[in-house]
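The values are calculated or read from the model by the stated rules, or taken from the named source; none is laboratory data. Just so you know, these numbers come straight off a predicted model, no measurement behind them. Neighbour counts run over all protein chains shown; Cβ positions are idealised from the backbone, glycine included.
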Amino acid sequence: MSLLEVKDLHTSFFTDAGEVMAVNGVSFELDRGRTLGIVGESGSGKSVTAYSIMGILSANGKVVSGSVKFDGKELIGAGEDEMRKIRGNRISIIFQEAMTSLNPTMTVGSQIMEAITLHTDAKGDEVKNRALELLKQVRISEPERRLKQYPHELSGGMRQRIMIAMALASDPDILIADEPTTALDVTIQAQILELMKTLQKELGMAIIMITHDLGVIAHMCDEVMVMYAGSVCERGSLNDIFKRPAHEYTKGLLSSMPSMDRVTALKPIKGTVPDLLALPRGCAFAERCDETMKLCLNRKCPMIKVEEGHIASCWLNLKERGGM
C-alpha cells in the first residue's frame, strides 16, 4: 500500500463570478522515501492539490469529490481534530515565500519552539534543545545566536532553512515543498535542494515538490506529474518525462527550457492558460497546441497508457499507434 493515495480529486472555489474548477480529477500515489514532482504553469492547480490534501483551503474552497488516503486513512471528510493530528505532524508543508510565512514580530527561536510544542511531547529545556538540534540539522551556522534573531535579520536562504526546520519538527512522513526556492539566487537554490535531498535520505520521508521549474524537477524527483488547467496531462518517471514526453504541453515546457547543450532556439508556448470558470469542452491545451485535431476540440482525452508507469491524456498517442 502506498503512503499517500489520491484518487479523482476535484476541488473548486465558489466565487461571485461562478465556480472556479481549480483541480479536476487528479490521481497519483506516493511511496515512502520517494519524491514526486508536480510541475506546470501558474494557475495549473499544483498548490491547490497540496492544500486539498492538507485540508487548508480558503473559506470559499471545497473538495467537491474524490479521495485522499494517507497511510490507509481517508482524509476527505475527516474532522478538524483528526486533521490536526496529521497536519504538521505526519504531513508538513513549506510555503512559497519564507518571509511571508514567518512572523516578523517573533524571534526565529520562538517560532521553531512553538512548532515543536504544538506537534511533539517535548517540555521545558527539551523544546529549546530540539530547536537547536533542528537548526544544526538544516546546516545553519551559529544556531544559538540564530534562535534570538528575527526573520528580517536573516538572508533568504537562512529563512528557507528555518522553514524547513519547522516543517521537520515532528519528523513527518511526507514533506510538501511548495516552490521552496522562489526568490532565491541560483547558488542558494542549489544548496536548499541539496539539503532537502540529504535530509530525505537521513529521515526516510517522502517529498512532494511543487514547482514551475523543470531544472528543480530534474535535480530532485523520481516521478513527475505535469498539470495543466487543473488536470494531470502526463505522469511518469523522470526519464519518461524528459526523454519520452507524450503530451504536447510537456513537450512545450521542455522546448522552452534553456540548457547548456541546446543548439536550437527556445520555443515559448503561445497563448495563455484557459479561464477555469469556463473550461473548454475538449482538451484544455488545444487552443495553444500546434498539433490540434478536430477531435481535440470536442472530446477530452482520457489517460492513455504510453508504457508501463507512463500515462498521458493526448489523442496523438492513439493516432501514432493507428488506434484512431
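Yes or no, residue by residue, for (1) within 22 Å of residue 22 (Cα to Cα); (2) at pLDDT 95 or above:
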{"position": "224", "(1), (2)": "yes, yes"}
{"position": "233", "(1), (2)": "yes, yes"}
{"position": "240", "(1), (2)": "no, yes"}
{"position": "249", "(1), (2)": "yes, yes"}
{"position": "253", "(1), (2)": "yes, no"}
{"position": "259", "(1), (2)": "no, no"}
{"position": "265", "(1), (2)": "no, no"}
{"position": "269", "(1), (2)": "yes, no"}
{"position": "307", "(1), (2)": "no, no"}
Any hit, segment 288-307, residues being on the phi > 0 side of the Ramachandran plot, buried (at least 17 other Cβ atoms within 10 Å of the Cβ) and part of a loop (DSSP other than H, G, I, E, B): no
All positions within segment 194-207 that are without any contact (Cβ under 8 Å) to a residue 60 or more places away in the chain and buried (at least 19 other Cβ atoms within 10 Å of the Cβ): 196
Test for residue 200: is it part of a helix (DSSP H, G or I) and polar (S, T, N, Q): yes
Helices (runs of 4 or more DSSP H) enclosed by segment 22-127 - at least 1 residues per element that are touching a strand residue (DSSP E or B) at 6+ places or on another chain (Cβ under 8 Å), among the charged types (D, E, K, R) and crowded, with 17+ Cβ neighbours inside 10 Å: 46-54
Identity of the residue in segment 145-187, among the β-branched types (Val, Ile, Thr) and buried (at least 20 other Cβ atoms within 10 Å of the Cβ), that ends up modelled with the lowest pLDDT: 181
Subset tally (residues that are under 28 Å from the mean Cα position of the chain (by Cα) and of a type in the set (D, E, K, R)) for segment 106-138: 4
Selection from segment 120-162 of residues that are touching a residue at least 24 places away in the same chain (Cβ under 8 Å) and farther than 22 Å from residue 180 by Cα: 120, 130, 148
Among (1) among the hydrophobic types (A, V, I, L, M, F, W, C); (2) modelled with pLDDT of 95 or more; (3) over 24 Å from residue 250 (Cα atoms), the one test that residue 95 misses: (2)
Restricting segment 128-138 to residues that are in contact with a helix residue (DSSP H, G or I) (Cβ under 8 Å, 6 or more places away or on another chain) and assigned to a helix (DSSP H, G or I), the residue that is nearest to residue 92 (Cα to Cα): 134
Members of segment 220-256 found to be among the small types (Gly, Ala, Ser) and in contact (Cβ under 8 Å) with a residue 60 or more places away in the chain, listed by number: 229, 230, 231, 236, 237, 246
Some residue of segment 139-159 being under 20 Å from the mean Cα position of the chain (by Cα), under 30 Å from residue 43 (Cα atoms) and in a loop (DSSP other than H, G, I, E, B): no
Selection count where residues are among the hydrophobic types (A, V, I, L, M, F, W, C), in a strand (DSSP E or B) and surrounded by 15 or more Cβ atoms within 10 Å (Cβ to Cβ), scope segment 1-19: 4
Every pair of residues 6+ apart whose Cβ atoms lie under 6 Å, when the first sits in segment 66-87 and is without any contact (Cβ under 8 Å) to a residue 60 or more places away in the chain and at negative phi while the second is part of a helix (DSSP H, G or I) and buried (at least 17 other Cβ atoms within 10 Å of the Cβ): 87/54
Filtered residue count, segment 208-265, keeping only those that are surrounded by 21 or more Cβ atoms within 10 Å (Cβ to Cβ), over 14 Å from the mean Cα position of the chain (by Cα), of a type in the set (A, V, I, L, M, F, W, C) and not in a helix (DSSP H, G or I): 3
